[in-house]
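Visitor: Once you've had a glance at the structure underneath, I'll fire off some questions.
The values are calculated or read from the model by the stated rules, or taken from the named source; none is laboratory data. Because the structure is predicted, anything quoted here is derived from the model rather than measured. FYI the Cβ positions are ideal-geometry reconstructions off the backbone, even for glycines, and counts take in every protein chain you see.
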Amino acid sequence: MSMLMGKSRMVITCAKGITPFLKEEVFSLGLPILSEGIADIETEGTMEDAIKLNLFLRTGHRVLFLLEEFNAKKPDELYKKMWRINWEDTIPEEGYLCVTSSVETPTIKDSRFANLKCKDAIVDRIKEKCSCRPDSGPKRDSTVIHLYWKDERCQIYVDTSGEPLSRRGYRRIPLRAPMQETLAAAVILATGWKGNGNFVNPMCGSGTLAIEAAMIALNKAPGLLRNNYGFMHLKGFNESYWKALRKNAKGAAKSRLNGRIIATDISQEAIEAAKKNATTAGVTHLIEFGVCGYSETPVPEDGGIVVLNPEYGERLGEIEELKEVYKGIGDFFKKRCQGYRGYIFTPHPLKPCFLGQGYRGASKYLSQSKRRVLTRGAGFTGNFDLAKKVGLKTKRRIPFFNSNIECRLLEYDLYEGTRKRKAHS
Ligand SMILES: C[S@@+](CC[C@H](N)C(=O)[O-])C[C@H]1O[C@@H](n2cnc3c(N)ncnc32)[C@H](O)[C@@H]1O
């Protein structure tokens, strides 16, 4: 029987800190949560469930389907036990294979050696059984096998996503400091916006927040934008199930919004890129783009959500400029956004040496090098609390990470009379 038949454990990886949103999504797709980490959750289901997760998840990165588990102390033992698996039933002999891994075991210094051992065992086995073998290399656009090796325990997964799900396929022009699609989706889910009311996004950059907001409002499955996944490169791929699922997902998407989505940026180049990205995502007709300073952004009267993701600023001069920007955002919120809920996505004011501490358990399913970066933390050098300059009381400070930078989504209730009450308090 193929290893892909029946239920198995599945690990879904995500960006650090967004597991609460991922959990909600997995749960609402009818699957259980078996455990969770800082950047992954574990669930259980069939290969059809894995396909469903790939199509519908907005915040997940990779869906790993467990094939086998065994103990191995040394690379040769890994090779032998990998060779015993019936790979010829799972991997097309004329396909292309990529092996990825996360390795923490004393006999391996460089995880690439473990990848090589796995790849050799798989292709040697397939060559013996089928008289030909798949090509192999680093591209993740075909069959991807993932090894998780901790101490003596090896878990072998098929990466059903292939390329990470954060690569939706619409962002052709990323510009500077774009927000990853999955993070943007988590930010919007954190605001609670589901398409009712207006969504105003000054400083929109390449448009990721506005595009994800449009897709959430339409109930458009993010996976509809992609037509290549790891699961398609497995023997026994249930193509008719995939086609039916896509068709239903298309049918469930709305074509109209209840409110308006407005996205502006001071940079003409950013707005051109954002428009092109929105076109590729199929939502350009739903977003009103404009070139202007954030404070000139049109804000409809009937309320909604307003979200800004200002530049981070790394040098002292930039931080000084940003203090003015944050003060200006506070004024914009107070004067122009009454009746809205306001959000600013901003770096958390920690010294760089403390970044990432407390997150040493960063996802075990990440590669060695990526895990090193995540757990060490680095990058942002500012430690001034820019939020103080906004001059409004934050209702919540929701923790996020943008790559390795610890951030906060600051939430403000911009009810009528905010200024008056503040002045009297
Ligand atoms: C960090 S980027 C936003 C990235 C965006 N979330 C994305 O995913 O691409 C900040 C944006 O703010 C814009 N910006 C900077 N100063 C501005 C101002 N005074 N008014 C409006 N936009 C401004 C920049 O052009 C830049 O595109």
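Visitor: So F332 ticks every box in (1) under 28 Å from R172 (Cβ atoms); (2) in contact with a Ser or Thr (Cβ under 9 Å, 6 or more places away or on another chain); (3) outside any strand (DSSP E or B) but one. Which box is left unticked?
Guide: So the condition that F332 fails would be (1).
Visitor: Still on this structure, I have one more. Select, from A278, A263, the only residue that is assigned to a strand (DSSP E or B), in contact with a strand residue (DSSP E or B) (Cβ under 6 Å, 6 or more places away or on another chain), in contact (Cβ under 8 Å) with a residue 24 or more places away in the chain and surrounded by 15 or more Cβ atoms within 10 Å (Cβ to Cβ). If you could, list the steps in order and put the result at the bottom.
Guide: Numbers: A278 fails: assigned to a strand (DSSP E or B).
Just a single option satisfies the conditions, and that option is A263.
Visitor: If Q268 satisfies every condition in (1) surrounded by 13 or more Cβ atoms within 10 Å (Cβ to Cβ); (2) within 14 Å of the ligand (Cβ to nearest atom); (3) polar (S, T, N, Q) but one, which is the exception?
Guide: For Q268, the failing item is (1).
Visitor: Please go through the range 130-182 and give me each residue that is among the polar types (S, T, N, Q), more than 16 Å from the ligand (Cβ to nearest atom), touching a strand residue (DSSP E or B) at 6+ places or on another chain (Cβ under 8 Å) and part of a loop (DSSP other than H, G, I, E, B), ordered by number.
Guide: Those that are among the polar types (S, T, N, Q), more than 16 Å from the ligand (Cβ to nearest atom), touching a strand residue (DSSP E or B) at 6+ places or on another chain (Cβ under 8 Å) and part of a loop (DSSP other than H, G, I, E, B): S142, T160, S161.
Visitor: Quick check on G230: is it of a type outside the set (F, W, Y), more than 13 Å from the ligand (Cβ to nearest atom), surrounded by 22 or more Cβ atoms within 10 Å (Cβ to Cβ) and on the phi > 0 side of the Ramachandran plot?
Guide: no
Visitor: Among the residues of the range 209-221 satisfying the criterion of being closer than 18 Å to V299 by Cα and among the small types (G, A, S), which is nearest to the ligand (Cβ to nearest atom)?
Guide: A210
Visitor: Do we find that N258 is away from the ligand (no atom under 16 Å from the Cβ), outside any helix (DSSP H, G or I) and either touching a residue at least 40 places away in the same chain (Cβ under 8 Å) or not aromatic (F, W, Y) (or both) in this structure?
Guide: Criteria met by N258.
Visitor: For the range 11-46: of the residues being farther than 17 Å from T182 by Cβ and aliphatic (A, V, I, L, M), which is surrounded by the most Cβ atoms within 10 Å (Cβ to Cβ)?
Guide: Here the residue is L31.
Visitor: I've got another one for you. How many residues does the range 281-324 hold that are buried (at least 19 other Cβ atoms within 10 Å of the Cβ), within 23 Å of T191 (Cα to Cα) and within 11 Å of the ligand (Cβ to nearest atom)?
Guide: Counting residues in the range 281-324 that are buried (at least 19 other Cβ atoms within 10 Å of the Cβ), within 23 Å of T191 (Cα to Cα) and within 11 Å of the ligand (Cβ to nearest atom) gives 7.
Visitor: Right, another one. Of everything in the range 295-329, what is of a type in the set (S, T, N, Q) and in a helix (DSSP H, G or I)? Give them in sequence order.
Guide: Matches in the range 295-329: S295 only.
Visitor: OK, next. If V187 passes every condition in (1) surrounded by fewer than 24 Cβ atoms within 10 Å (Cβ to Cβ); (2) touching a residue at least 24 places away in the same chain (Cβ under 8 Å) but one, which one does it miss?
Guide: With respect to (1) surrounded by fewer than 24 Cβ atoms within 10 Å (Cβ to Cβ); (2) touching a residue at least 24 places away in the same chain (Cβ under 8 Å), V187 is out only on (1).
Visitor: So, in the range 186-208, exactly how many residues are farther than 17 Å from L409 by Cα and more than 6 Å from the ligand (Cβ to nearest atom)?
Guide: 6
Visitor: Still on this structure: Find all pairs meeting these conditions: Cβ atoms under 8 angstrom apart; at least six residues apart or on different chains; first residue within the range 235-255 and of a type in the set (K, R) and at pLDDT 95 or above; second residue exposed (fewer than 11 other Cβ atoms within 10 Å of the Cβ) and assigned to a helix (DSSP H, G or I).
Guide: Pairs found: none.
Visitor: Right, next: With the condition kept exactly as written, say whether any residue in the range 107-120 is at pLDDT 95 or above, under 21 Å from the mean Cα position of the chain (by Cα) and either crowded, with 21+ Cβ neighbours inside 10 Å or assigned to a helix (DSSP H, G or I) (or both).
Guide: Checking the range 107-120: not a single residue is at pLDDT 95 or above, under 21 Å from the mean Cα position of the chain (by Cα) and either crowded, with 21+ Cβ neighbours inside 10 Å or assigned to a helix (DSSP H, G or I) (or both).
Visitor: Another one. Of the residues that make up the range 139-155, is at least one closer than 30 Å to L224 by Cα, β-branched (V, I, T) and out of contact with any Pro (no Cβ under 9 Å at 6 or more places or on another chain)?
Guide: yes
Visitor: Every residue in the range 321-355 that is out of contact with any strand residue (DSSP E or B) (no Cβ under 7 Å at 6 or more places or on another chain) and modelled with pLDDT under 85, please.
Guide: P349, K351, P352, C353, F354, listed by residue number.
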